[in-house]
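So the structure is just underneath, and the comments pick up after that.
No lab work stands behind these numbers, since they all come straight from the coordinates. Values in this document were obtained by computation on a predicted structure and should not be read as measured data. Don't worry about glycine lacking a Cβ; one is built from the backbone with ideal geometry, like all the others, and counts go over all protein chains shown.
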Ligand SMILES: C[S@@+](CC[C@H](N)C(=O)[O-])C[C@H]1O[C@@H](n2cnc3c(N)ncnc32)[C@H](O)[C@@H]1O
């Protein structure tokens, strides 16, 4: 795995800096965010990979929730992620779960998805689980789409997804704390997660603070941690405009990974696009 210097800590004007959120949660990501995802995306991305030439480039591959099924289905994947701890978890899972042949089809690099430079072009580039929403500045999105354009074949496609704002969450008072879940981890540890949303701290940008509390099997406090992220939220039409503004043509919009109309219940928008 290729490593670069660790990414900078998130700097906040009003809050103390915290380590990068995914570095903090890498070891519990699969039981935390991974388990929260309904998983409709996995079959969709595997299916999409069957139509393209290999390898596939996956941006923000994380601990391999999509990467491993892609490899198991016969794909070759180049995965990049900013978080080295997330990539280490993916590497460990690949060793445990994949055959030698499947492992040889995986190539991982620690890199920013706004700055990567690979010496090849791809017919499919993916970015799953709303990872694009971490690019909160127009300049970072412009660099991201420019990098993708640079790395796509003539007829190559970029497919990504992002969350659709949830009206029931939007209706909560600003700064309201939600109890997300209490779960038992495979080693018996009890994990509780709380989330506080600060809405529109900048136009279109929310700040999410997640508080994790770890308890032992008897319910005694073991440790706690807090993560903080800023997310650029998009209504569906705004997401389409953002893609076009960055010089890409929208080929298809799939609510919750299925062809059809966007409904009030739609939680994720998947967009297939290519350079215009
Ligand atoms: C929600 S997780 C998704 C992980 C995986 N794709 C999945 O579906 O489970 C977001 C991932 O994007 C990565 N990420 C966020 N911003 C990034 C950036 N600017 N460059 C590279 N990776 C980034 C994070 O480190 C994290 O692993």
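How high is the relative contact order of the chain, in percent, with contacts defined as C-alpha pairs under 8 Å that are six or more residues apart?
With pairs under 8 Å counted, the relative contact order is 15 percent.
Can you tell me how much longer the chain between residue 174 and residue 93 gets when fully stretched, taken as 0.36 nm per residue apart minus their C-alpha distance, in nm with one decimal?
Length difference between fully extended and current span is 25.3 nm.
Under 8 Å for C-alpha pairs, at least 6 residues apart: give me the relative contact order for the range 167-232, rounded to a whole percent.
25
Going by C-beta contacts inside 10 Å, put 179, 151 in order with the fewest on the left.
Fewest to most other Cβ atoms nearby, the residues stand as 179, 151.
Given axes a ≥ b ≥ c from the Cα gyration tensor, I'd like to know whether the range 34-107 is rounded (a/c under 1.5), prolate (a/b larger than b/c) or oblate.
rounded
For a quick size check, give me the Cα extents of the range 236-276 along its three principal axes, largest first, whole Å.
Rounded to whole Å, the extents work out to 30, 17, 12 Å.
Any idea what Rg and Dmax come out to for the range 11-165 if you just take the C-alpha atoms, in Å?
15.3, 49
Would you look at the GNM of the chain, springs on alpha carbons closer than 10 Å, and say which of 189, 226, 63 moves the most?
189
For the range 167-232, would you read off the P(r) tail past 19 Å as a percentage of all alpha carbon pairs?
Looking at the range 167-232, the distances longer than 19 Å represent 40 percent of pairs.
For the chain, report the % of Cα-Cα distances exceeding 30 Å.
Tail fraction, whole percent: 29.
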